[in-house]
1. Please go through (1) outside any strand (DSSP E or B); (2) surrounded by 15 or more Cβ atoms within 10 Å (Cβ to Cβ); (3) at pLDDT 90 or above for residue 99 and return the number of the only condition it doesn't satisfy.
2. Please state which of the following conditions residue 70 fails to meet, knowing it meets all the rest: (1) modelled with pLDDT of 90 or more; (2) assigned to a loop (DSSP other than H, G, I, E, B); (3) surrounded by fewer than 17 Cβ atoms within 10 Å (Cβ to Cβ).
3. Among the residues that make up segment 113-135, is at least one of them more than 17 Å from residue 54 (Cβ to Cβ), out of contact with any strand residue (DSSP E or B) (no Cβ under 9 Å at 6 or more places or on another chain) and without any contact (Cβ under 8 Å) to a residue 40 or more places away in the chain?
4. Any chance you could count how many residues in segment 147-187 are within 40 Å of the chain's Cα centre (by Cα) and in a helix (DSSP H, G or I)?
5. Closer than 25 Å to residue 164 by Cβ, surrounded by 10 or more Cβ atoms within 10 Å (Cβ to Cβ) and modelled with pLDDT of 75 or more: is that true of residue 62 in this structure?
């Protein structure tokens, strides 16, 4: 029985070991078969907390890892002291080829603002690289004077560096403030305000305000009594009735005047024909009728002059009719203005 138990235990241990090895092989083969490409970036700040093997994430998704951390002066012939970071990126994670520096698609994404920056991981001081899209005008690539050995992805400053620089600028601006001059200016402003308050005659202003209120109340009572008076109501009713009658009168007179103005050109034309016929008749008369022809010509000129005067008179009648109509409409809309005229002059207290 004991030998059989040892046999079962041995079979279980061997099976577990084989299964574990198979899992490691499968996972290892998956990572080995995954295509990766080396890219590099240059960081112009401290990379404290970043180590080889630190993850590279795109919006929180792991897409690669850090393979090498060095200085640009150690890899290239340059005087610029940038931090060189080389990373391995899975090529199947993006829709553009990251392993081809001459690819138009990669250049287009870099122009859109595809950048890499250092990001802290919690409060332990450990850092990782974060890839994302930023405003290309605010985060231009660093200036380099060498040809990168691998595809180059520009970097931008980390949030911690940006925050520290902003705090330093604020502290620098605070240090540049002249506190003593500022306090003196505040004291002068307070003194000026005190003098203005002392020189202002507040009691007189209060008396004027009270007088104004009393006058407004009195005016309000007068207006209420006037509005509620029966005489005003009867006067408004009479004015409305008179305006209605005047409108009817002008409406009746408007049509004959328009008809007369319409028939006036025909009458003038008939008169002109008559004068023309008289002229033709006078031309056929003997020479002894020359005096009669001159008389007819004078009559013709007189009639022509009177024709213009008649047209002017008709136009004046039309203007008078329109003015009366406008006065009637104003009487119907604003009967109080017709009865009482313009509003009273402003108060003397307001003029003060």
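The values are calculated or read from the model by the stated rules, or taken from the named source; none is laboratory data. Note that the structure is a prediction, hence the values are computed from the model and not measured. Because the Cβ atoms are built from the backbone with ideal geometry, glycine has one as well, and the counts that use them run over all protein chains shown.
1. Here residue 99 clears every test but (3).
2. Residue 70 satisfies every listed condition except (2).
3. yes
4. Total meeting the criteria: 24.
5. The answer is no for residue 62.
Matching residues to (1) in the same structural domain as residue 48 (by TED's automatic domain parsing); (2) within 39 Å of the chain's Cα centre (by Cα); (3) at pLDDT 90 or above; (4) more than 17 Å from residue 161 (Cα to Cα):
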{"position": "83", "(1), (2), (3), (4)": "yes, no, yes, no"}
{"position": "87", "(1), (2), (3), (4)": "yes, no, yes, yes"}
{"position": "90", "(1), (2), (3), (4)": "yes, no, no, yes"}
{"position": "104", "(1), (2), (3), (4)": "yes, yes, yes, yes"}
{"position": "110", "(1), (2), (3), (4)": "yes, yes, yes, yes"}
{"position": "114", "(1), (2), (3), (4)": "yes, yes, yes, yes"}
{"position": "120", "(1), (2), (3), (4)": "yes, no, no, no"}
{"position": "135", "(1), (2), (3), (4)": "yes, yes, yes, yes"}
